[in-house]
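Every number here is computed from the coordinates shown, using simple stated rules; none is lab data. Here the structure is a predicted model, which means the values were calculated and not measured. Every residue, glycine among them, receives a Cβ derived from its backbone with ideal geometry; neighbour counts consider all protein chains shown.
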Amino acid sequence: MGEGDTAIRMACELRALGPRARRATAETWLDRATNGQYAGAVATRIFLAVAMCGEVELARVALRKRLIADAAPSVADRFLLATLCSFHRGIAVRGGHYHESLSLYRSVVREDPCHFSARLNVAAHWLDSVDPIECWADEARTCLEQAIELRPDDDKAVYHLGRTCEMEGALERAVELFYGLVDRPQGHSSARMRLHQARYDELLSHAQRSIVERNLAALPEISGLDPERPEAARVSSVFETHGASIMRGVLDPERLRDLARRFTPHLRSLGTSHAGGMWRQSDLGFGLAQAARSALEASPVLKIVDALAAKSHAGWSVHDHSAWYVQDRRSGDGASRTCAHQDHPVTSTESTFITVWMPLDACGPSIAPGLRLAVAGPEEPMLVREEYPRCRDGVAAAFLRDYLERHWVSPSFEPGDVLLFGPNVFHETTTCNVPGAARMSLDLRFEAGPSALGFHHAAEWI
């Protein structure tokens, strides 16, 4: 292991091992990184690689030990530890390592005032917290304003400043910021949605409401999720427009039938319609996930995912996410149906990912319970007030249903088809009235690189 080894290469080496061997190898690497056998960039890449494999707690404990022993820990290591402390810490919950993460981000901002991602993360922690902490509002707003000074064209910083102003009651400023985003050449679906929500909540003045109604009357046209041909450029174009894309007939149906035969008895023995997370670190889960991965490797799907990752995150290659799920959906079974949701509605997040969803049975309207998506929807996380009542800027469920009704697309699928979509795309199980109709599906997730709030200067580390 040397300077030429990237974090992704290290992570791929770990992922090729079974759960027990992977953990043992990760512990050996981390021990060498903390006792000084590996130092500098190599050690930092080890912590990052172990975290990429899902062993976040191992990486976090080892990195914390290294920082305690280091009289002058680097900004990169402190930022990485802060990121690992906020990694998968739950939706809108101030708990776990929340305060340690926030303290580390603040220390990075003090030492490096030009650290854009640290400033965004300080504000994101305030936006994600469930209890109003008014003394932080000024800090969050200041961090975002200074982040915009560093990168005036960054949509994320402007959008979150609009959210902050809205929560503080500065609606005129919030409307100005949101409309400025909508008016940009590339548009901004989340800002558009926030403006519609403000109108729905009757929070706007007559003049503001008139501006919003006049300029937001036309919603984006939905041209469909099927590219003319399943090649990288066309799939990428549809994905960039709608946040999702379909690839038809790219997987071997016989491989899928074999997967269905292997998954079915395990799902039924568990008595569940949705499993995967519980298998992530088990030998059973490893074997089934590897079988699913091999089906993808025999198709062009992973090359397409890699192309999408490279297009949006220069310097990164696609790599496995720790999450994968198998689902069994049946007509008339409300318990097995999932309602509209985003996969990871957290502002302070460690990275973005692409979900690869594979039906193992034919499904869709009038066939069997399928999957529908609200395309051209928000690029940013949205929490529902009724589900998270203490969240400060959640959207009303009734408003969400009304707004998304204009965006839903309900495709039909056959075994061999693949659906790609990002973490902020709203999706849900489609209802089906065909008695006895059922479908099994599998989804794997692949990291597509760092978000604006993720690993800062990641290209230097990996």
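If you sort the three axes of the alpha carbon gyration tensor as a ≥ b ≥ c, you get a/c of 1.5 or more for segment 105-197 and a/b no higher than b/c, which makes it oblate.
Here the Karplus relation 6.51 cos²θ - 1.76 cosθ + 1.60, evaluated at θ = phi - 60°, turns the backbone of segment 401-412 into coupling constants of 4, 5, 5, 6, 4, 7, 10, 5, 10, 10, x, 9 Hz, with x for every Gly and Pro.
For residue 142 and residue 298, the difference between the fully extended length at 0.36 nm per residue and the C-alpha to C-alpha distance is 51.2 nm. If only the Cβ of Lys and Arg carry +1 and only the Cβ of Asp and Glu carry -1, the dipole of segment 148-204 around its Cα centre is close to 200 debye. Computed from phi, the 3J(HN,Hα) profile of segment 41-52 under the Karplus parametrisation 6.51, -1.76, 1.60 (θ = phi - 60°) reads 5, 4, 5, 4, 5, 5, 4, 5, 4, 5, 5, 4 Hz, with x in place of Gly and Pro. Projected label points at residue 9 and residue 183, each 7 Å from Cα along the beta carbon direction, are separated by 4.9 nanometres. Residue 342 sits among other residues whose Cβ lies under 11 Å from its own Cβ, and their net charge, with Lys and Arg +1 and Asp and Glu -1, is -4. Give me, ordered by chain and number, the residues 5 or more places off residue 428 or on other chains with an amide H under 5 Å from its own placed amide H. Close amide H contacts, sequence-distant or interchain: 372. The charge dipole of segment 384-451, taken about the Cα centre with unit charges on the Cβ atoms of Lys, Arg (+1) and Asp, Glu (-1), comes to about 200 debye, rounded to the nearest 20. Taking a Cβ cut-off of under 15 Å around residue 70, the surrounding Lys, Arg, Asp and Glu residues balance to a net charge of +2, with basic ones at +1 and acidic ones at -1. Phi-derived couplings, Karplus 6.51 cos²θ - 1.76 cosθ + 1.60 at θ = phi - 60°, listed residue by residue for segment 233-238: 5, 6, 5, 4, 4, 5 Hz, with x used for Gly and Pro. As a proxy for reagent exposure, ranking 13, 166, 254 by other Cβ atoms within 10 Å from fewest up yields 254, 13, 166.
Modelled label positions at residue 172 and residue 291, each set 7 Å beyond Cα in the direction of Cβ, lie 6.4 nm from each other.
Length gained on full extension, residue 397 to residue 107: 100.6 nm, using 0.36 nm per residue less the C-alpha separation.
Note on residue 234 and residue 69: the model spin-label points, each 7 Å out from Cα along the C-beta direction, lie 5.6 nm apart.
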